Amino acid sequence: MATTEDLRTGLAVLDLTALVLDRATAVLSALGTALILGIMLLIGVDVTSRFFLGKPIAGVPEMVAMSILAIVFLQLSNTLARGKLTRSDALLQMLTKRSQRAGDALDALLHGAGAVLIWVLLSAFYPLFMRSYGRGQMIGTVGQFLAPIWPVHGIVVIGSALLFAVFVTRTLALTIHATRGRP
């Protein structure tokens with residue numbers, strides 16, 4: 001899969017948009033990495049506390065569960081922007097060897113399908129975010145540990161929006177390459 005650098009089109013607006021998206025997704029990915037390190041530290045402290053003090057830290061399972069969802073959506077758009085998203089592309093590679101333009105056209109179609117699917121996800125999840133924020137929904141057990149769920153829902157919405165934008169910019173760039181050829 002091509003990276004953002006490989007998909008330059010020569011159209012300043014599209015190339016600048018792709019560059020800005022690349023930087024924004026890199027920031028979110030770094031936040032996801034920091035969250036992974038924080039969760040690892042939390043689990044380590046919880047295990048140590050259980051072993052030496054006989055007292056677990058309240059809410060660790062809930063925090064880990066929420067963090068996993070947040071980490072995925074913080075890092076997914078950057079994975080796509082860097083061309084590292086796992087996919088089966090044997091047919092695409094075979095087609096590209098025969099005709100670069102046909103390969104780019106099929107890749108544009110696949111990225112367009114990805115954009116549609118992420119739009120459906122975003123459209124379905126945004127009302128959940130608004131409801132969890134508006135109602136102040138919590139996760140956990142009353143009297144032990146409670147945390148608001150809306151920040152994680154917000155991360156899913158932001159991550160999905162960036163993923164959608166990356167899919168759209170890649171679709172446009174690949175469509176341009178399919179029609180004009182690569183520079």
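The values are calculated or read from the model by the stated rules, or taken from the named source; none is laboratory data. The structure displayed is predicted, hence computed values, not measured ones. Counting neighbours? That spans all protein chains shown, and the Cβs are built from the backbone with ideal geometry, glycine included. The area values use the complete protein model at the heavy-atom level, side chains included, leaving out ligands, DNA and RNA. Shrake-Rupley method; radii C 1.70, N 1.55, O 1.52, S 1.80 Å.
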Can you give me the P(r) profile for the chain? Cα pairs, bins 5 angstrom wide beginning at 0, each as a whole percent. 1, 8, 13, 16, 15, 12, 10, 8, 6, 4, 3, 2, 1, 0
Explain nothing, just compute: Karplus ³J(HN,Hα) = 6.51 cos²θ - 1.76 cosθ + 1.60, θ = phi - 60°, for every residue of the stretch 130-143 in order, whole Hz, x for Gly and Pro. 4, 5, 5, 6, x, 8, x, 4, 10, 10, x, 10, 4, x
Can you tell me the dipole magnitude for the chain around its Cα centre, using point charges on the Cβ only (Lys, Arg +1; Asp, Glu -1), in Debye to the nearest 20? 200
Exposed trypsin sites (Lys or Arg not before Pro) being those in a DSSP loop with at most 15 other Cβ atoms within 10 Å, the longest stretch of the chain free of them is 88-183
Length gained if Leu16 through Met130 is fully extended, taking 0.36 nm per residue and subtracting the Cα-Cα distance, is 37.9 nm
At Met94 and Asp6, where each label point lies 7 Å from the Cα along Cα→Cβ, what is the point-to-point distance in nanometres? 1.9
On the accessible surface of the chain, probed at 1.4 Å, how many percent belong to carbon and sulfur atoms? 70
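Would the stretch 63-149 count as rounded, prolate or oblate if I go by the C-alpha gyration tensor, calling it rounded below 1.5 in a/c and otherwise prolate when a/b exceeds b/c, oblate otherwise? Present the calculation step by step, with values, prior to reporting the outcome.
Values: a/c = 5.08, a/b = 2.65, b/c = 1.91.
Since a/c reaches 1.5 and a/b is larger than b/c, the shape of the stretch 63-149 is classed as prolate.
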Extreme residue, positive dipole direction of the chain, given options Leu95, Leu7, Met63 (C-beta unit charges): Leu95
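Local charge sum around Gly103 (other residues, Cβ-Cβ under 13 Å, Lys/Arg +1, Asp/Glu -1)? Let's see the in-between values first.
On the way: positive: Lys97, Arg98, Arg101, Arg182; negative: Asp6, Asp89, Asp104, Asp107.
Net charge in that neighbourhood comes out at 0.
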Relative pair counts by distance (%), Cα atoms of the stretch 3-71, 10 Å bins: 18, 30, 20, 16, 11, 5, 0
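Please calculate how many Å² of accessible area the stretch 58-183 carries per residue, with a 1.4 Å probe and no DNA, RNA or ligand atoms counted.
Numbers: 6960 Å² over 126 residues.
Roughly 55 Å² per residue, with all protein chains present.
Answer rounded, prolate or oblate for the stretch 40-91, using the Cα gyration tensor with square roots of eigenvalues a ≥ b ≥ c: rounded when a/c is under 1.5, else prolate when a/b is larger than b/c, else oblate.
Working: a/c = 4.18, a/b = 3.34, b/c = 1.25.
It is prolate, given that a/c is not under 1.5 and a/b is the larger ratio.
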